[in-house]
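Novice: There's a structure below that I have some questions on.
The values are calculated or read from the model by the stated rules, or taken from the named source; none is laboratory data. What you see is a predicted model; the values in this text were computed from it and never measured. Positions of Cβ are backbone-derived with ideal geometry, glycine not excepted, and every protein chain shown enters the neighbour counts.
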Amino acid sequence: MEFIQAENLTFYYEGEDEEQPNNVKLVLKGVSVSVRKGEFVAVIGHNGSGKSTLSKHMNAILLPTGGRMLVDGIDTNDEDRIYDVRRKVGLVLQNPDNQLVASIVEEDVAFGPENLGVEPSEIRRRVDSALKAVDMYDYRHHAPHKLSGGQKQRVAIAGILAMEPDCIVLDEPTAMLDPKGREEVISAITRLNREQSITVVLITHNMEEAVDCDRVIVMDSGKVLTEGTPVEVFSQVERLRRHKLDVPQATELCSMLRGVGLSFKELPLSTDECVRMLSEVLL
Amino acid sequence: MSVLLRTEGLSFTYGINTPFEKQAVKNVNIEINKGEVIGVIGHTGSGKSTLMQMLNGLITPTDGTVYLDGADIFENKKNLRQVRFKVGLVFQYPENQLFEETVRKDISFGPRNMGLPAEAVDKRIRKAAKFAGLREELLDRSPFDLSGGEKRRAAIAGVIAMDPEILILDEPTAGLDPMGRDVLLEQIDAYHKSRGNTVLLVSHSMEDIARIADRVLVMYKGECVMLDTPKAVFARSDELEQMGLRVPQITKITTMLRDMGVALPEGILTVDEAFEQICGILRKEGKIC
């Protein structure tokens, strides 16, 4: 079942070229994509490719200029139901410091449900379960500003979880983190998707984060360049390279070896797969 | 090779005599040669940024000192200003520090403060903008009208315009997309090659470090635990992983294959290098021609 459905979505920022209405710069140029309930989708592309703009349409922070965006069947243009959309889809941003509001971790996580008018006992339950889900329960009495980047970002995710959304959209949540923080956040998101069937849309520059998801959407200049399973997408090494996008080094190496005559059934995405395939040839 | 920068027992403790007292840098003794590119890695809170800020005298160490060209930079506080012209520091997210009305004025702030004549300042602006890959027509725009990547380059140009002997960049590629990252690294590399100056580059991206560093400095819990060639450092992948760091994927793959008995050398850092080595083995075995 389609949970998020963009139909021929176009978008431009108003006010940029008021004097020359014919000169507006389209950020999205007819994007049609969908995300199924429970799916884990990665969206990759350059800065300016429109991927962040697309993600902001998913919880009605931005409304389409043309085409339409359906979230669980609700048109985001329907003003009366905008809060329903925002309750269904939570957004996590790049910089955790800009998203934390309280001076104690558990109060920060409670901020969302408090604003939704949830009963106090229910808030308690949600805060505890959200913090446990991202493995931050032991830090519930800590001050957010004293946490590491990865921990802060997980608190921000818990804050979204406490509103019990069906879907979480994360806009480059690991761009500011060190490798360990990056892994903590990605494994927390993966767990939420697998164990609680929360739909996840992960916007990222890091191809290694995209290899474990169900599907990859590649954006380029406001359009969808290609989409498919990680293997289908990353096997197009030459094409992605031409658009100056990264592919995992494991995939790139095997693609080059294929070029000199080695035959692989499909290209590897992860370190372990690559080692397994190469050891068969080399040992 | 001559030693340009040397630290001796360099230490820094935050919040002395408060409940928040924390030793951020512990007894760092390093020597950096003229013209080297040093990659600096370490987990968040490992003391990288504090160390970098002591190297240009922005933070005064609580113990030990820094020698630049053999002179103790903290001996006479009046000379610190000169030290900062020689050791240029680009902070994390430098685009947040742009403040002037135009990009040109912003870049000129450093050289103007050095007391250079207007003509020389103008020359430096154009040169720095070129090195940083900023198009000339952007110079008269407001820095706030630039894209994220352009802002970052404008901020870096502001430091390059002082023509520092040592250029320190604290996570210059964080938050950039792969293309922006590649372009910036190439520019830093080209700048280094043409000026022959010393560069310290802090990064979480091991791939970046593997590509341009002559030596890698690893910080862990405030201490300098390794300072060696990328090959030697990345060959110690188990130790790095225990410190919350990673080696480039290609290094990990070739190290695992090597451990399984494939005749690959230690510390392969790039895909091209791995490809050449594997092709060599395959050719020898007659599996490819």
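Novice: Among the residues of the stretch B:41-63, is any more than 20 Å from B:Tyr220 (Cβ to Cβ), among the aliphatic types (A, V, I, L, M), assigned by TED's automatic domain parsing to the domain that holds B:Gly196 and buried (at least 17 other Cβ atoms within 10 Å of the Cβ)? Steps first, please.
Specialist: Initial filter on the stretch B:41-63 (more than 20 Å from B:Tyr220 (Cβ to Cβ)): B:56-58, B:60.
Restricting the remaining residues to those that are among the aliphatic types (A, V, I, L, M) gives B:58.
So of that shortlist, the ones also assigned by TED's automatic domain parsing to the domain that holds B:Gly196 come out as B:58.
Remaining after also requiring buried (at least 17 other Cβ atoms within 10 Å of the Cβ): none.
No: zero hits.
Novice: Here is a list: B:Leu264, B:Leu257. Which entry is part of a helix (DSSP H, G or I) and outside the structural domain of B:Val28 (by TED's automatic domain parsing)?
Specialist: Result of the check over B:Leu264, B:Leu257: B:Leu257.
Novice: So, one more: Just wondering, is there one or more residues in the stretch B:218-226 that are within 25 Å of B:Thr50 (Cβ to Cβ), β-branched (Val, Ile, Thr) and either outside any helix (DSSP H, G or I) or more than 14 Å from chain A (Cβ to nearest Cβ) (or both)?
Specialist: Of the stretch B:218-226, the ones within 25 Å of B:Thr50 (Cβ to Cβ) are B:218-226.
From what is left, the residues that are β-branched (Val, Ile, Thr) are B:218, B:225.
Among the residues that remain, those that are also either outside any helix (DSSP H, G or I) or more than 14 Å from chain A (Cβ to nearest Cβ) (or both) are: B:218, B:225.
Yes, the stretch B:218-226 contains at least one residue that is within 25 Å of B:Thr50 (Cβ to Cβ), β-branched (Val, Ile, Thr) and either outside any helix (DSSP H, G or I) or more than 14 Å from chain A (Cβ to nearest Cβ) (or both).
Novice: Output the number of residues of the stretch A:147-173 satisfying the condition of being at the interface with chain B (Cβ under 10 Å from one of its Cβ atoms) and touching a Ser or Thr at 6+ places or on another chain (Cβ under 7 Å).
Specialist: Qualifying residue count for the region: 3.
Novice: Let me ask something else. If we keep just the residues of the stretch A:194-213 that are under 12 Å from the mean Cα position of the chain (by Cα) and not β-branched (Val, Ile, Thr), which is nearest to the other protein chains (Cβ to nearest Cβ)?
Specialist: Step by step, filter the stretch A:194-213, then rank; the result is A:His205.
So that you can scan it fast, the table gives a plain yes or no per residue for (1) free of Cβ contacts under 8 Å to residues at least 24 places away in the same chain; (2) part of a strand (DSSP E or B):
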{"position": "A:Asp97", "(1), (2)": "no, no"}
{"position": "A:Val101", "(1), (2)": "yes, no"}
{"position": "A:Glu114", "(1), (2)": "yes, no"}
{"position": "A:Gly117", "(1), (2)": "yes, no"}
{"position": "A:Ser121", "(1), (2)": "yes, no"}
{"position": "A:Arg124", "(1), (2)": "yes, no"}
{"position": "A:Gln153", "(1), (2)": "no, no"}
{"position": "A:Pro165", "(1), (2)": "no, no"}
{"position": "A:Ile168", "(1), (2)": "no, yes"}
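Novice: Here's something else I'd like to know. Filter the stretch B:13-38 down to the residues that are more than 22 Å from B:Arg215 (Cβ to Cβ) and of a type in the set (S, T, N, Q) and list them by number.
Specialist: Start the filter on the stretch B:13-38 by keeping residues that are more than 22 Å from B:Arg215 (Cβ to Cβ), which leaves B:13-24.
Hits for the stretch B:13-38 are B:Thr13, B:Asn17, B:Thr18, B:Gln23.
Novice: Another question, if that's okay. Looking at B:Ala120, is it in the same structural domain as B:Arg153 (by TED's automatic domain parsing), within 30 Å of A:Met176 (Cβ to Cβ) and part of a helix (DSSP H, G or I)?
Specialist: Values: in the same structural domain as B:Arg153 (by TED's automatic domain parsing): yes; within 30 Å of A:Met176 (Cβ to Cβ): no; part of a helix (DSSP H, G or I): yes.
For B:Ala120, the condition - in the same structural domain as B:Arg153 (by TED's automatic domain parsing), within 30 Å of A:Met176 (Cβ to Cβ) and part of a helix (DSSP H, G or I) - is not met.
Novice: Look through B:Phe99, B:Phe85 and report the one residue that is aromatic (Phe, Trp, Tyr) and either on the phi > 0 side of the Ramachandran plot or not in a helix (DSSP H, G or I) (or both). First the steps, then the outcome.
Specialist: Working: B:Phe85 fails: either on the phi > 0 side of the Ramachandran plot or not in a helix (DSSP H, G or I) (or both).
Checking each option against the conditions leaves just B:Phe99.
Novice: Inspect all residues belonging to the stretch B:1-12 and state whether any of them is touching a Ser or Thr at 6+ places or on another chain (Cβ under 9 Å) and either assigned to a loop (DSSP other than H, G, I, E, B) or within 14 Å of chain A (Cβ to nearest Cβ) (or both).
Specialist: First, the residues of the stretch B:1-12 that are touching a Ser or Thr at 6+ places or on another chain (Cβ under 9 Å): B:4-5, B:7-12.
Those left that are additionally either assigned to a loop (DSSP other than H, G, I, E, B) or within 14 Å of chain A (Cβ to nearest Cβ) (or both): none.
No, the stretch B:1-12 has no match at all.
Novice: Within the stretch A:236-247, count every residue that is more than 12 Å from chain B (Cβ to nearest Cβ) and crowded, with 20+ Cβ neighbours inside 10 Å. Before the answer, list the steps.
Specialist: Within the stretch A:236-247, the first condition is being more than 12 Å from chain B (Cβ to nearest Cβ), and the residues that meet it are A:236, A:238-239.
Then keep just the ones that are crowded, with 20+ Cβ neighbours inside 10 Å; that gives A:236.
Summing the residues that are more than 12 Å from chain B (Cβ to nearest Cβ) and crowded, with 20+ Cβ neighbours inside 10 Å in the stretch A:236-247 gives 1.
Novice: Out of B:Ala190, B:Ala210, report the one residue that is touching a helix residue (DSSP H, G or I) at 6+ places or on another chain (Cβ under 9 Å), in a helix (DSSP H, G or I) and more than 14 Å from every other protein chain (Cβ to nearest Cβ).
Specialist: Working: B:Ala210 fails: more than 14 Å from every other protein chain (Cβ to nearest Cβ).
Result: B:Ala190 is the single residue among B:Ala190, B:Ala210 that is touching a helix residue (DSSP H, G or I) at 6+ places or on another chain (Cβ under 9 Å), in a helix (DSSP H, G or I) and more than 14 Å from every other protein chain (Cβ to nearest Cβ).
Residues checked against (1) within 14 Å of chain B (Cβ to nearest Cβ); (2) within 17 Å of the chain's Cα centre (by Cα); (3) over 26 Å from B:Gly149 (Cβ atoms); (4) polar (S, T, N, Q):
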| residue | (1), (2), (3), (4) |
| --- | --- |
| A:Ala42 | no, yes, no, no |
| A:Asn47 | yes, yes, no, yes |
| A:Leu91 | no, yes, no, no |
| A:Glu106 | no, no, yes, no |
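Novice: Restricting to the stretch A:105-146, name every residue that is modelled with pLDDT under 95 and of a type in the set (Val, Ile, Thr).
Specialist: Once the filter is applied, which keeps residues that are modelled with pLDDT under 95 and of a type in the set (Val, Ile, Thr), the stretch A:105-146 yields A:Val118, A:Val134.
Novice: Could you say which residue among B:Leu58, B:Leu80, B:Leu10 is modelled with pLDDT of 95 or more and among the hydrophobic types (A, V, I, L, M, F, W, C)? If you could, list the steps in order and put the result at the bottom.
Specialist: Numbers: B:Leu58 fails: modelled with pLDDT of 95 or more; B:Leu80 fails: modelled with pLDDT of 95 or more.
On inspection, the qualifying residue turns out to be B:Leu10.
Novice: Determine which member of the set A:Ile82, A:Ile61 is surrounded by fewer than 20 Cβ atoms within 10 Å (Cβ to Cβ) and outside any loop (DSSP other than H, G, I, E, B). Show your work before the answer.
Specialist: Details: A:Ile61 fails: outside any loop (DSSP other than H, G, I, E, B).
Every option except A:Ile82 fails the conditions.
Novice: Additional query: Please work out if A:Val233 is free of Cβ contacts under 8 Å to residues at least 40 places away in the same chain, more than 14 Å from chain B (Cβ to nearest Cβ) and over 24 Å from A:Leu161 (Cα atoms).
Specialist: Working: free of Cβ contacts under 8 Å to residues at least 40 places away in the same chain: yes; more than 14 Å from chain B (Cβ to nearest Cβ): yes; over 24 Å from A:Leu161 (Cα atoms): yes.
The answer is yes for A:Val233.
Novice: Given the residues A:Glu18, A:Glu79, A:Glu2, which is the only one that is over 29 Å from A:Arg241 (Cα atoms) and at pLDDT below 90? Let's see the steps before the verdict.
Specialist: Values: A:Glu79 fails: at pLDDT below 90; A:Glu2 fails: at pLDDT below 90.
Exactly one of A:Glu18, A:Glu79, A:Glu2 is over 29 Å from A:Arg241 (Cα atoms) and at pLDDT below 90, namely A:Glu18.
Novice: Filter the stretch B:241-255 down to the residues that are within 20 Å of the chain's Cα centre (by Cα) and surrounded by 23 or more Cβ atoms within 10 Å (Cβ to Cβ), then identify the one that is nearest to the other protein chains (Cβ to nearest Cβ). I'd like the intermediate steps shown before the answer.
Specialist: Of all residues in the stretch B:241-255, those within 20 Å of the chain's Cα centre (by Cα) come to B:243-248.
Next cut, surrounded by 23 or more Cβ atoms within 10 Å (Cβ to Cβ) only: B:245-248.
Details: B:Leu245: 6, B:Arg246: 4, B:Val247: 10, B:Pro248: 7 Å.
By that ranking, first place goes to B:Arg246.
Novice: Looking at the stretch A:262-283, I want the residues that are charged (D, E, K, R) and have a partner that is outside any loop (DSSP other than H, G, I, E, B) with Cβ atoms under 8 Å, at least 6 apart or on another chain. Which pairs are those?
Specialist: A:Glu266/A:Val231; A:Glu273/A:Ala250
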